[in-house]
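For reference, the structure discussed in these notes is given below.
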Ligand SMILES: NC(=O)C1=CN([C@@H]2O[C@H](COP(=O)(O)OP(=O)(O)OC[C@H]3O[C@@H](n4cnc5c(N)ncnc54)[C@H](O)[C@@H]3O)[C@@H](O)[C@H]2O)C=CC1
Ligand SMILES: O=C1O[C@H](COP(=O)(O)O)[C@@H](O)[C@H](O)[C@H]1O
């Protein structure tokens with residue numbers, strides 16, 4: 001991707017992971033909701049994704065969008081996900097197709113499929129010996145209203161792709177945690193996404209050739225109930241981390257890189 005890349009939600013955790021890994025690799029245009037604490041090293045603006053004028057300014061001149069902005073709380077109330085996640089995503093798509101943006105990478109979530117974690121499957125499905133896998137072809141089964149907003153974002157992408165041809169990659173992000181996997185949390189270890197793998201999968205989504213894709217954004221954990229085969233095949237995703245290589249906060253097996 002030679003054109004500038006818009007990163008919405010640039011001040012958040014996922015934005016931080018992406019910028020730490022890919023700061024030098026793209027001409028970034030960062031969108032913040034509130035003024036950043038430090039002066040960014042890149043072009044930036046402050047705005048609301050639910051404001052059409054802010055969004056038009058944000059997409060102006062970019063060739064790709066990584067759309068992270070929104071309310072990330074699994075317990076977020078409907079009013080908040082309706083404006084920040086659903087309306088905000090629709091407005092960004094609308095402006096992106098008007099601008100002729102080529103690629104749109106959408107931060108979807110494990111919570112878009114949370115209701116697959118039924119009582120009879122858990123906790124076994126969080127364990128390495130269990131072979132239950134979701135692969136991205138399944139219809140969403142949200143576990144909360146936040147998950148509904150993420151599933152809706154995926155469907156908005158389907159519509160804007162089919163109607164306008166914009167290339168779309170929905171990344172159903174697992175549990176992004178810096179440095180080491182979540183501790184004493186089997187589910188979180190099964191869906192851990194390390195900071196380096198987070199940056200890498202977003203770079204893959206910016207560079208690969210596809211039309212409309214939905215993939216899981218997790219590291220190559222021994223425990224997993226999300227398949228990463230589609231991300232490997234279509235995006236050339238090659239994760240370096242595995243939650244099984246940690247004991248608590250300590251890495252006990254070095255990554256193969
Ligand atoms: N952190 C994680 O493990 C996961 C995150 N995600 C998704 O990734 C995205 C980023 O998540 P995080 O970085 O963890 O959250 P975060 O809360 O750290 O960052 C989100 C950013 O979006 C901004 N924002 C919120 N509403 C906005 C609006 N109306 N207009 C403009 N900006 C707005 C916030 O100011 C914040 O900087 C979210 O969409 C979240 O749903 C999905 C799955 C897992
Ligand atoms: O979508 C998200 O998922 C992660 C992981 O979910 P959790 O239920 O294990 O906490 C969550 O931490 C993050 O806030 C959310 O945006």
* Convex hull per residue volume in Å³, alpha carbons only, for the chain -> 125 Å³
* **Distance cut-off 21 Å, percentage of C-alpha pairs in the stretch 34-161 lying past it** => 48 percent
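For the stretch 1-78, what is the convex hull (Cα atoms) projected area averaged across all directions, in square nanometres?
Working: hull surface 22.7 nm².
Answer in nm², one decimal: 5.7.
If Rh is defined by the Kirkwood formula over all Cα pairs and Rg also comes from Cα, what ratio Rg/Rh do you get for the stretch 125-257?
Taking Rg over the Kirkwood Rh, I get 0.98.
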* 222 nm mean residue ellipticity, helices alone, for the chain (DSSP H n ≥ 4; -39,500 (n - 2.57); rounded to 500) -> -9000 deg cm²/dmol
* **Highest average packing first - 187-199, 13-25, 61-73, Cβ atoms within 10 Å** => 187-199, 61-73, 13-25
* Asked: How big is the antiparallel share of DSSP beta bridges in the chain, given as a percent to the nearest 5?
  -> 5 percent
* How big is the gap, in Å, between the Cα center of the stretch 222-257 and the Cα center of the stretch 79-128? -> 22 Å
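Computed from the coordinates by the stated procedures, all read-outs in this text should not be read as laboratory data. From a predicted model like this one, the values you see are computed outputs, not experimental measurements. So basically every Cβ, Gly included, is an ideal-geometry build from the backbone, and we count neighbours across all protein chains shown.
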